[in-house]
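**Q** So that we are looking at the same thing, I have put the structure below in structure tokens.
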Amino acid sequence: MSDLAFITDGTFAVLGLLVGLIDMGANHCPNDGCLAKNERTPYTGISVGDTVFQENMVGEELYIRRETRHANGPFQLMYGISASSDGELWAGLGHGYTWTNRQENVFVQLHAMAGLYEEGSGADLGGPIQFRSGIDVGYQNKEGVRMSLGVDHRSNAGLYSSNPGLETVHFRVSLPTK
């Protein structure tokens, strides 16, 4: 397991769930209900980055992700699709949790998504069902544009006998959209 996989092997998915549940209990349950439907600013983001498989940089990835306006409690619905220079394709759906500072110019976003993977001529991840989790840390300007650095991990969470994992280290720009 690579050093990168150790910090992203689902750790961010669990961390996002825990932090989101704490926020949900403190800020959502007393008001409208723990998982009450609410609206968030939707974003469309594009990221570019290097893919890492078994400690080796193996390609580049382009990833488009949509953060919808729909949320349940603090968990915002999102979906995305990515393609790598090795022909790997991934498409999935899940939720994200975003923390911002009081000035709303610094943010940390954790996400967990389930999806389908096609290896092309890239990494064999054991099967077509792959989970993607990760973290982005970034800056948001006055117009709401977000710029971040992040790391994602994809693996099958032990669904198949082989579960090597694939990481992406990326730079993302996300624009608020309607």
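Every read-out reported here was derived from the displayed coordinates using simple, explicitly stated rules and does not represent laboratory data. The structure displayed is predicted, hence computed values, not measured ones. Counting neighbours? That spans all protein chains shown, and the Cβs are built from the backbone with ideal geometry, glycine included.
**Q** Can you list which of the trypsin sites (Lys or Arg not before Pro) found in region 59-96 are DSSP loop residues with at most 14 other C-beta atoms within 10 Å?
**A** none
**Q** Just from its helices, what would the mean residue ellipticity at 222 nm be for the chain, if runs of 4 or more DSSP H residues each count -39500 (n - 2.57) and the sum is divided by every residue, rounded to the nearest 500 deg cm²/dmol? Could the numbers behind the result be given before it?
**A** Details: 2 runs with 19 residues, N = 178.
That calculation yields -3000 deg cm²/dmol at 222 nm.
**Q** Using C-alpha positions alone, give me the convex hull volume of region 16-61 per residue in cubic angstrom.
**A** On the way: hull volume 5.3 nm³, N = 46.
Taking the convex hull of the Cα positions in region 16-61, it is 114 Å³ per residue.
**Q** Give the residue list of GluC sites (Glu not before Pro) in region 110-177 that are DSSP loop and have at most 14 other beta-carbon atoms within 10 angstrom.
**A** On the way: sites: Glu118, Glu119, Glu143, Glu167; in loops: Glu119, Glu143.
Listed in order of number, the matching sites are Glu143.
**Q** For a quick check: with amide H placed at 1.01 Å from N, whose amide H comes under 5 Å from Asn156's, ignoring anything fewer than 5 positions away on the same chain?
**A** Phe131, Gly165
**Q** Would you please report the Å³ per residue occupied by the convex hull of the alpha carbon atoms in the chain?
**A** On the way: hull volume 18.8 nm³, N = 178.
It is 106 Å³ per residue.
**Q** If you don't mind, there's one more thing I want to ask. Considering amide H positions built from the backbone, and no H for Pro or chain starts, which residues 5 or more places from Asp86, or on another chain, come under 5 Å of its amide H?
**A** For Asp86, whose amide H was placed from the backbone, the distant partners under 5 Å are Glu60.
**Q** Further question on the same structure: Relative to the Cα centre, what is the charge dipole magnitude of the chain, using +1 at the beta carbon of each Lys and Arg, -1 at the beta carbon of each Asp and Glu, and rounding to the nearest 20 debye?
**A** Working: 12 positive and 20 negative charges, 185 e Å.
So the magnitude is around 880 debye.
**Q** Compute the long axis of helix 11-23 from its Cα atoms, compare it with the longest principal axis of the Cα atoms of the chain, and write down the angle in degrees, 0 to 90, nearest 10.
**A** On a 0 to 90 degree scale, this one is about 10.
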